[in-house]
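The values are calculated or read from the model by the stated rules, or taken from the named source; none is laboratory data. Computed from a prediction, not measured in an experiment: that's the story for all the values here. Every residue, glycine as well, gets a Cβ built from its backbone with ideal geometry; the counts of neighbours run over all protein chains shown.
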Amino acid sequence: MYAASVKRGLKDMSYEYLDVKGDMGFVARGRSIEDLFKAAALAMYNAMVDISKVKRSVSKEVEVSASDLDILLHHWLQELLFITDTEGIVFSSFDVEICKDDEFRAKGRAYGEKLNPELHEIRTAIKAVTYHNLELRTEDDGWRATVILDV
């Protein structure tokens, strides 16, 4: 498993990897729900490749909906992973807006480039985002999510 104790902090968001037997997990935090979704996506992609080496030469629109925020986070990450699996693009930056009409909706853009093994060392191959122990909640300083990835 890739660096279970790594913690990355950004201005309004952070993530740290968890030691999960047979799988990989992380805790992501954000001041806003949008920051949380960005932090979770960054955590997932930094587990795959060194995102500091991924340029923003391609962008993809991503839109998902769900009845609950935790399921919306799952769908957001799974849709990003689907794009990576089908189009061979890895991402290093994200914009997202969350709104609620009849359902919660996440609409945003992911920025990255085609995966190139000569430039992007593969750290971990992620098969899927799981529902196992998926948790999203508010805290005093914002939002927190726990996500387990099938590797």
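Summary of computed values
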{"item": "Residue match in the stretch 16-32 (condition: of a type in the set (Ser, Thr, Tyr), surrounded by fewer than 17 Cβ atoms within 10 Å (Cβ to Cβ) and at pLDDT 85 or above)", "result": "yes"}
{"item": "From Thr138, Thr146, residue being free of Cβ contacts under 8 Å to residues at least 40 places away in the same chain and either over 16 Å from the mean Cα position of the chain (by Cα) or in a strand (DSSP E or B) (or both)", "result": "Thr138"}
{"item": "Test: Ser67 is over 24 Å from Ser14 (Cβ atoms), in contact (Cβ under 8 Å) with a residue 24 or more places away in the chain and of a type in the set (Ser, Thr, Tyr)", "result": "yes"}
{"item": "Qualifying residue in the stretch 129-138 (condition: of a type outside the set (A, V, I, L, M, F, W, C) and in contact with a Cys (Cβ under 6 Å, 6 or more places away or on another chain))", "result": "no"}
{"item": "The lone exception for Lys38 - which of (1) surrounded by fewer than 20 Cβ atoms within 10 Å (Cβ to Cβ); (2) closer than 27 Å to Val20 by Cα; (3) basic (Lys, Arg) it fails", "result": "(1)"}
{"item": "Residue match in the stretch 74-89 (condition: surrounded by fewer than 16 Cβ atoms within 10 Å (Cβ to Cβ), under 16 Å from the mean Cα position of the chain (by Cα), closer than 21 Å to Gly25 by Cβ and among the charged types (D, E, K, R))", "result": "yes"}
{"item": "Any hit, the stretch 113-120, residues being among the hydrophobic types (A, V, I, L, M, F, W, C), under 15 Å from Leu42 (Cα atoms) and touching a residue at least 12 places away in the same chain (Cβ under 8 Å)", "result": "no"}
{"item": "Boolean, Val147 is β-branched (Val, Ile, Thr) and over 17 Å from Tyr17 (Cα atoms)", "result": "no"}
{"item": "Boolean, Ala66 is aliphatic (A, V, I, L, M), at pLDDT 95 or above, surrounded by 22 or more Cβ atoms within 10 Å (Cβ to Cβ) and over 14 Å from Tyr111 (Cβ atoms)", "result": "no"}
{"item": "Residues (among the hydrophobic types (A, V, I, L, M, F, W, C) and at pLDDT 95 or above) located in the stretch 112-124", "result": "Leu115"}
